[in-house]
């Protein structure tokens, strides 16, 4: 599953799941541009040896002008990974303004990038990988905006796969389970909640960001040349338990 000579853009690619995907694409031979939100994220990535060989740029996926400017500066694109995302805890997503912001970043941001990148991807029959979630399938009483956005990602993935197949663009998604990232830090720090999660997961552990990287490489590679419109759970079996 080599990606030698291909060019990839990974939004949200400076940390967590997005960072693991960016590194996995690089290790498979792709030329990778990873984006993060703000200069602090960019500086941290630039200072990390883990991101050696990966170009990094700031990008707010909710900013139409910024997206247009970044994509206009690309001379080639074979892979787009929509990894930028956010979640607001402690009941914040029940506030309408916060709900709208989460949808704007997680769902509309993915559509914004996909639309902007479509002409470049169509030149060589590229691949899009969206980051879905277990909450693409389940509801969440604590994070209604995040859950709604990830349900939307699943349907957006299927819809674009149909619409853009004539361009040779494959569109798939990865649905991570409980992964060790900053977003899940509060849950992992709660011994009772963490134990519940591990107990329900047949493989008996939290996932690692690297677990998602391998799935993304597969979906971007020739090994998945006849795969489009799927939402691939990478959750240690959580969804079937």
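Say whether the condition of being more than 27 Å from residue 90 (Cβ to Cβ) and touching a residue at least 24 places away in the same chain (Cβ under 8 Å) is met by at least one residue in the stretch 181-197. If you could, list the steps in order and put the result at the bottom.
So in the stretch 181-197, the residues more than 27 Å from residue 90 (Cβ to Cβ) come out as none.
No, every residue in the stretch 181-197 fails to be more than 27 Å from residue 90 (Cβ to Cβ) and touching a residue at least 24 places away in the same chain (Cβ under 8 Å).
Tell me, which residue of the stretch 32-70 that is within 22 Å of residue 103 (Cβ to Cβ), out of contact with any strand residue (DSSP E or B) (no Cβ under 8 Å at 6 or more places or on another chain) and touching a residue at least 24 places away in the same chain (Cβ under 8 Å) is surrounded by the most Cβ atoms within 10 Å (Cβ to Cβ)? Going through the qualifying residues, I end up with 67. Scanning the stretch 196-214 for residues that are surrounded by fewer than 19 Cβ atoms within 10 Å (Cβ to Cβ) and touching a strand residue (DSSP E or B) at 6+ places or on another chain (Cβ under 8 Å) turns up just one, 208.
Is it the case that residue 139 is part of a loop (DSSP other than H, G, I, E, B) and at positive phi?
Spelling it out, it is not the case that residue 139 is part of a loop (DSSP other than H, G, I, E, B) and at positive phi.
Looking only at the stretch 215-241, filter to residues that are part of a helix (DSSP H, G or I) and at pLDDT below 95; which one of those is surrounded by the fewest Cβ atoms within 10 Å (Cβ to Cβ)? Per the criteria, the residue is 240. Anything in the stretch 166-195 that is in a helix (DSSP H, G or I), out of contact with any helix residue (DSSP H, G or I) (no Cβ under 8 Å at 6 or more places or on another chain) and loosely packed, with under 14 Cβ neighbours inside 10 Å? List them, or say none. Residues satisfying the conditions are 166, 185, 186, 191, 192, 195.
Considering only the stretch 12-51, state which residues are in a strand (DSSP E or B) and either within 11 Å of the chain's Cα centre (by Cα) or closer than 11 Å to residue 81 by Cα (or both). Talk me through it step by step, then tell me what you get.
The initial filter retains those residues of the stretch 12-51 that are in a strand (DSSP E or B), namely 31-36.
Passing the criteria: 32, 33, 34, 35.
The values are calculated or read from the model by the stated rules, or taken from the named source; none is laboratory data. Since we're looking at a predicted model, the values are computed, not measured. Heads up, the Cβs are rebuilt from the backbone with ideal geometry, glycines too, and the neighbour counts pull from every protein chain shown.
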